[in-house]
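Since the structure comes first, as structure tokens, the remarks are kept for the end.
The values are calculated or read from the model by the stated rules, or taken from the named source; none is laboratory data. Quick caveat, the model's predicted, so the values are computed rather than measured. Ideal geometry is used to build each Cβ from the backbone, glycine not excepted, and the neighbour counts take in all protein chains shown.
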Amino acid sequence: MQLVLPVSFRKQDSLSTFVVADNEHLLSYIQGVIEHGGETTQASQRICVITAASGAGKSHLLLATCEQASLQGLSHQYLDMLQIVHMPTELLVGFINKDVVCIDNLQAIDAQDDWQRAVFDTINQFIESNGRLLAIATSLPLSSIQYTLPDLETRLVWGTNFTLNSLSDDDKHQALIRHMDALGITYSDDVVAYIINRTSRNMHELINTLGQLDKASLEKKRKITIPFVKSILKL
């Protein structure tokens, strides 16, 4: 059975646009394992579990991790459980042979027996195949997920665990500037602060807002200014 895997890579999802803020240790760990990890790296250090609040940037970080793996000449795969949890678990077969695998939104398998077993098997097989890095991100604390397979929780806790700290408003300001520059968006200097102050402070929603403004800017051939933002977002 051939399955089409829904994956969306955006050119702005790179480590160069990721604002580190208070997450230096996590970023250093990921870069270190990708660049220098190998068969001699302890198995628990090759399993990285990241807990982050919604909008903290976990998807950006995982996609950027795949891009970094590609730059190192490593095979990689990004999987978003929110997109595939209603698909056959056989989808995971074959990905265990990748050097770097990133599983996003683990919380989607809450109380899902078949997927919990599939993820558990994937972790074990990844270890046995000497994969370089398996990064798993969740917006729920591991202790808050309803497990039908207790061994999965044990395996996740056994890995190297991090909390991805949310960005301050200043950090979000810097993050938006990096995304706009990466997309080649033309904007006035005061527009970023205006967007943050007048719209959501959730980074996921802020990035979606940027996409909306970028599309409107291209269609209307106008620079993104405060009056333009007001007219497009009806503020």
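Screening V85, V49 for residues that are crowded, with 20+ Cβ neighbours inside 10 Å, at pLDDT 90 or above and not assigned by TED's automatic domain parsing to the domain that holds E205 leaves exactly one candidate, V49.
Does R132 count as closer than 21 Å to H60 by Cβ and either modelled with pLDDT of 90 or more or assigned by TED's automatic domain parsing to the domain that holds G37 (or both)?
So R132 passes the test.
The condition of being closer than 19 Å to L106 by Cα, touching a Cys at 6+ places or on another chain (Cβ under 8 Å), at pLDDT 90 or above and of a type outside the set (D, E) holds for only one of Y29, Y78, that being Y78. I'd like to check which helices (runs of 4 or more DSSP H) are fully inside the stretch 142-235 and have at least 2 residues that are touching a residue at least 40 places away in the same chain (Cβ under 8 Å) and within 25 Å of S44 (Cα to Cα). The qualifying helices (runs of 4 or more DSSP H) are 150-158. Of all the listed residues (T154, T148), the sole one being touching a helix residue (DSSP H, G or I) at 6+ places or on another chain (Cβ under 7 Å), surrounded by fewer than 19 Cβ atoms within 10 Å (Cβ to Cβ) and modelled with pLDDT of 90 or more is T148. Scanning the stretch 54-65 for residues that are modelled with pLDDT of 90 or more and surrounded by fewer than 21 Cβ atoms within 10 Å (Cβ to Cβ) gives no hits.
Restricting attention to the stretch 179-188, report how many residues are surrounded by 16 or more Cβ atoms within 10 Å (Cβ to Cβ) and closer than 19 Å to K58 by Cβ. The number of residues fulfilling the criteria is 1. State all residues of the stretch 123-144 that are buried (at least 18 other Cβ atoms within 10 Å of the Cβ) and touching an Asp or Glu at 6+ places or on another chain (Cβ under 7 Å); if no residue qualifies, say none. The answer is G131, R132, A137, L142. Annotation note: of Q77, Q107, the sole residue that is surrounded by 15 or more Cβ atoms within 10 Å (Cβ to Cβ) and within 18 Å of T148 (Cα to Cα) is Q107.
Every condition in (1) exposed (fewer than 15 other Cβ atoms within 10 Å of the Cβ); (2) farther than 28 Å from S139 by Cα; (3) small (G, A, S) is met by A216 except one, and the failing one is (1). For L140, the requirement of being over 26 Å from V101 (Cα atoms) and among the aliphatic types (A, V, I, L, M) is not met.
The set of residues in the stretch 219-231 being surrounded by 18 or more Cβ atoms within 10 Å (Cβ to Cβ) and among the β-branched types (V, I, T) consists of I224, V229. Within the stretch 21-46, can you find the residues that are among the β-branched types (V, I, T) and surrounded by 15 or more Cβ atoms within 10 Å (Cβ to Cβ)? Residues satisfying the conditions are I30, V33, I34, T41.
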